[in-house]
Structure formats: structure tokens, C-alpha cells
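This report concerns only the one structure given below.
The values are calculated or read from the model by the stated rules, or taken from the named source; none is laboratory data. Everything numeric here is computed off the predicted structure, so don't read it as measured data. Positions of Cβ are backbone-derived with ideal geometry, glycine not excepted, and every protein chain shown enters the neighbour counts.
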Amino acid sequence: MGMLARHHILDYKRKNVILVDHNEKSQSAEGIEQANILEIIDHHRIGCIETDQPIVFINQPVGCTATIIFGKYEEKNIMPSKKIAGIMCAAILSDTLMFKSPTCTMEDIRAAKKLASIAGIEIEKFGRAMFEAGTSLEGKTEKEIFFTDFKEFKIGDYKIGVSQVNIFNSSPEHLKNRLVQFMEKLRSDREYDLLLLMLTDIINEVSEFLFAGDQRELIRRAFGVDVEGNSFLLARVVSRKKQVVPKIISAVNSLS
């Protein structure tokens, strides 16, 4: 059949990848250390990814990575197809919570309106229908709900996971105890210091946080709340990237 020598294993050809909407190893595909990273296109904080060579690294403080990607379309004078434009518009509406998130910029709004025009959709009508369909938790397991939009962060000596689930003018009261139990087991199994689940009410612009882990002092320093039980409420907090993670980082630094 052929010969396999040591150099075939040692000098294997790495897979070429482009990281989109993330730049931290803990949030990437398994085995990313063995990949050849060609580009990074992102709008989050800059984490711990290392590369062998200089690469194209686009990181802009906008509400959605799709806004950056649409800008690249425009630079090249390329018109996205109707379907791709609709997907990109949906991404912007989702990430910016229909322009209500503090991460939203005028560039996001401009891009979404132009993409909506290409896709032939009405932003308000489409956005509401999208969130109504996408926020239903019926028939989902605790694992499916928790990992809907989960990100892991290594902050100092702390291993922290923050999940976010959008809800549409309703709260899944019957699921909360089961979600907390799932989070406690996950925290123990994977050795997290703290797990947070944001239940974000898009209409009322408020997030209820469920948490697992004995880190009440960290939560108090981060958000200025004294918590009892396994939940707390924060009004006008809807963005994990801008309103949650930076405060946790500051709290960890103050404890250190």
C-alpha cells in the first residue's frame, strides 16, 4: 500500500482556517492549536490565540461580525445574494437585539438596512418574527438551552463560563431549578469557578442571571448586587460582551 515514515507525521500539512466571530482558543474548534490560522475577523475582546506568521486580523468595535464582513463585500464591489444578505441581516439583528444592545453602532444599522433592501425584507417585521421563533424553549433540554450561546473565558486564575439565551417577553419559571442543577453538575465536572446563564428579555431590556459556583463576592464586586439563592436581576443589561464580561474581568483583577 505504501510507506509511512516518521517525517510524514512530524511534517504533516496543517489545515488552513479563518476564525470568524471569535479569537480565543477556548471558544474555537477542538485542535485549533494544530491549524494554520490565515485570518481572524471578529468584534470581541482580543484573547490568547497565537500564530506562527503575521496574518490579517480585523477586529472592530461594532455590534456584529456580519457588519465587518459586509464592509469587505463593499470594498470589493461585490453584491451578496438575496439569501446571504438575509442571513447577514438576521445576524446583525440578533447580535444587536434589533439595535437595542449598547454594542450597536450606526455602522450596524446602516449595514442591516442595506442588507434588508437586498434581501427584500422589512426589518421590524422580520426581526420580531425571528426572535419569536428563535426564543421558544419548549421541547429543549437543559443542555440544549444552556449551550445555545455559550462562551468560556480564562480570566486570571478563574475559569468562567457565560451563556446567554434570549427570551421574548416571558420567563421560563418552570425550567429555572432544572437549569441551575444542570449548571452545578457542569461546573463540578469541568472545574469551572463560576457559570452564568443570562436570560435576556429583549422587549423589556432586562436580564435575569442564574449562576453556579460559590463566587458571591465576585458577583457583588462585578455587578454591585448582594445575591441570595442562585439568581439575580439586572435592568438594562442585555450585552454579554459589553456589560458583563468587562465587569467580571475588573472584579477578578480587584480580587487579585
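Worth pointing out:
- For the condition in a helix (DSSP H, G or I) and either touching a Gly at 6+ places or on another chain (Cβ under 7 Å) or in the same structural domain as Met98 (by TED's automatic domain parsing) (or both), Arg187 qualifies.
- In this entry, Ile219 is excluded by the filter for residues that are within 18 Å of the chain's Cα centre (by Cα) and of a type in the set (A, V, I, L, M).
- Residue satisfying all of: in region 210-249; surrounded by fewer than 13 Cβ atoms within 10 Å (Cβ to Cβ) and small (Gly, Ala, Ser); nearest to Asp157 (Cα to Cα) among these: Gly224
- Test result for Phe146, in the same structural domain as Asn204 (by TED's automatic domain parsing) and buried (at least 18 other Cβ atoms within 10 Å of the Cβ): yes
- Taken over region 129-169, the criterion of being in a helix (DSSP H, G or I) and touching a residue at least 24 places away in the same chain (Cβ under 8 Å) is satisfied by Met130, Phe131, Glu132, Gly134, Glu142, Lys143, Ile145, Phe146.
- Summed over region 104-118, the residues that are in contact with a Ser or Thr (Cβ under 9 Å, 6 or more places away or on another chain) and either crowded, with 21+ Cβ neighbours inside 10 Å or outside any loop (DSSP other than H, G, I, E, B) (or both) give a count of 8.
- Considering (1) at pLDDT 90 or above; (2) of a type outside the set (Ser, Thr, Tyr); (3) closer than 27 Å to Ser94 by Cα; (4) exposed (fewer than 14 other Cβ atoms within 10 Å of the Cβ), the lone condition that Lys15 does not fulfil carries the number (3).
- Arg178 vs. criteria over 25 Å from Asp42 (Cα atoms) and without any contact (Cβ under 8 Å) to a residue 24 or more places away in the chain: no
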